[in-house]
Amino acid sequence: MPRYGMAIDTTKCVGCHSCRVACQNQQGLPYNQSFNWIKERERGKFPSFAKEFVPLQCNQCEDAPCQRVCPTGAVYTSPEGIVMVNKDRCVGCKYCMEACPYKVRIVDHHAGIVVKCWFCEDLVKNGGEPACVTTCPTQVRIFGDLDDPSSKVSKFIAAHRAEPLRPDLNTRPKIFYKRS
């Protein structure tokens, strides 16, 4: 059974938001909501100044704080390691939103529940990749099986010493970043 994860190369991101739009379209989200966000950061000092774009989404934590606090068990981990939300069990209490250190969950106001990125599991189960991966014009995201050392994602993480955004949180995320 694969254990899915992703690497994100921030040195290639141009901040075009294609990933966000692809996510919105794939998930049927309104224009003002997405499971993908781009955080803009300024690095360095004048005259050696640069802008960095950091794509953010659910980090699919192996020790997910959102899962621990869910009172109904709506948040669970699939056999492939994807942190999911059972929409029939979610009561919209938002405990998971508060517990998420990455602050990437959103409220589906029509259904009254909290939702999040789930790596487009429907596409992945049919041999595809998440919409954000396939849409990116600069190939910022690499998706695959973290347990397969020959997968593109595993090779990328090893070659570039990619790391989680916040290793200090000890949530063991499955999203790894190559930073400039």
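The values are calculated or read from the model by the stated rules, or taken from the named source; none is laboratory data. Every value quoted in this text rests on a predicted model; they were computed, and no experiment measured them. Heads up, the Cβs are rebuilt from the backbone with ideal geometry, glycines too, and the neighbour counts pull from every protein chain shown.
A few remarks follow.
- Long-range neighbours under 6 Å by Cβ, at least six apart or interchain, first residue in a helix (DSSP H, G or I) within the range 62-87, second surrounded by 15 or more Cβ atoms within 10 Å (Cβ to Cβ): Pro65/Ala99; Cys66/Val75; Cys66/Cys96; Cys66/Ala99; Cys66/Cys100; Gln67/Val75; Val69/Tyr95; Val69/Ala99
- Residue among Thr138, Thr134 that alone is surrounded by 15 or more Cβ atoms within 10 Å (Cβ to Cβ) and hydroxyl-bearing (Ser, Thr, Tyr): Thr134
- From Lys152, Lys116, residue being modelled with pLDDT of 95 or more and over 18 Å from Trp37 (Cβ atoms): Lys152
Condition check ((1) among the small types (Gly, Ala, Ser); (2) out of contact with any strand residue (DSSP E or B) (no Cβ under 7 Å at 6 or more places or on another chain); (3) surrounded by fewer than 15 Cβ atoms within 10 Å (Cβ to Cβ)) across all residues:
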site: Thr10; (1), (2), (3): no, no, no
site: Gly15; (1), (2), (3): yes, no, yes
site: Phe49; (1), (2), (3): no, no, yes
site: Glu98; (1), (2), (3): no, yes, yes
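- Residues in the range 11-29 include none that are at pLDDT 95 or above, of a type in the set (A, V, I, L, M, F, W, C), part of a strand (DSSP E or B) and touching a helix residue (DSSP H, G or I) at 6+ places or on another chain (Cβ under 9 Å).
- The single condition from (1) in contact (Cβ under 8 Å) with a residue 24 or more places away in the chain; (2) not in a helix (DSSP H, G or I) that Leu123 fails is (2).
Yes/no matrix, rows are residues, columns are (1) over 14 Å from the mean Cα position of the chain (by Cα); (2) acidic (Asp, Glu):
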| residue | (1), (2) |
| --- | --- |
| Leu123 | yes, no |
| Cys132 | no, no |
| Gln139 | yes, no |
| Asp148 | yes, yes |
| Lys155 | yes, no |
| Leu165 | no, no |
| Leu169 | yes, no |
| Phe176 | no, no |
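- Ser180 touching a Lys or Arg at 6+ places or on another chain (Cβ under 8 Å) and either assigned to a loop (DSSP other than H, G, I, E, B) or not small (Gly, Ala, Ser) (or both): yes
- Any hit, the range 101-121, residues being over 16 Å from Thr10 (Cα atoms), among the hydroxyl-bearing types (Ser, Thr, Tyr) and buried (at least 18 other Cβ atoms within 10 Å of the Cβ): yes
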